[in-house]
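Okay, structure first, notes after.
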Amino acid sequence: MTQDRLTLLLAFYEQDPGDPFTRFALAREYLKQGNAEQALLFYEKLVAEQPDYTGTYYHLGKLYEVLGRKEEALDIYQQGIEAARRQRNQKDVSELQDALLQAQSIGFGDDGPKEGWG
């Protein structure tokens with residue numbers, strides 16, 4: 001079923017390679033199938049070419065984190081926050097700020113403040 005979904009999404013992509021939803025769905029499907037490299041290509045291209053499609057920033061940041069690319073994750077979350085603010089999309093701003101704070105490891109554990117405080 002997932003291969004059928006990928007095939008269908010690729011057909012949509014061939015018909016309209018500029019459609020941000022199809023590109024986003026392809027990235028998600030590739031990731032779901034364990035192909036992080038293809039997912040990364042689609043996410044990065046989508047951010048570069050359609051920076052106002054703010055949902056991409058969260059997922060790209062999370063993928064960067066999984067790949068051990070923390071600085072790139074922090075940067076993409078910040079870019080996403082700025083894009084969402086320009087659109088006055090408070091929901092995406094909040095989600096991206098939360099992801100940024102988590103990636104920065106800001107918070108309190110049993111041993112007091114973590115890195116980033118103070």
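Structural remarks
- Selection within segment 72-97 - among the charged types (D, E, K, R) and under 13 Å from the mean Cα position of the chain (by Cα): 72, 75, 92, 95
- From 69, 28, 23, 85, residue being touching a Pro at 6+ places or on another chain (Cβ under 8 Å), of a type in the set (Lys, Arg) and free of Cβ contacts under 8 Å to residues at least 40 places away in the same chain: 23
Yes/no matrix, rows are residues, columns are (1) among the small types (Gly, Ala, Ser); (2) at pLDDT 95 or above; (3) in contact with an Asp or Glu (Cβ under 8 Å, 6 or more places away or on another chain); (4) closer than 16 Å to residue 76 by Cβ:
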| residue | (1), (2), (3), (4) |
| --- | --- |
| 2 | no, no, yes, no |
| 13 | no, yes, yes, no |
| 16 | no, yes, no, no |
| 22 | no, yes, yes, no |
| 29 | no, yes, no, no |
| 35 | no, yes, no, no |
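- Some residue of segment 1-9 being loosely packed, with under 12 Cβ neighbours inside 10 Å, more than 19 Å from the chain's Cα centre (by Cα) and in a loop (DSSP other than H, G, I, E, B): yes
- Output for segment 59-79, where each listed residue is of a type in the set (A, V, I, L, M) and part of a loop (DSSP other than H, G, I, E, B): 67
- Single residue of segment 92-116 satisfying the filter (at pLDDT 95 or above and over 21 Å from residue 68 (Cβ atoms)) that is surrounded by the fewest Cβ atoms within 10 Å (Cβ to Cβ): 94
The values are calculated or read from the model by the stated rules, or taken from the named source; none is laboratory data. If you're wondering where the values come from, they're calculated on a predicted model, not measured in any experiment. Every residue, glycine as well, gets a Cβ built from its backbone with ideal geometry; the counts of neighbours run over all protein chains shown.
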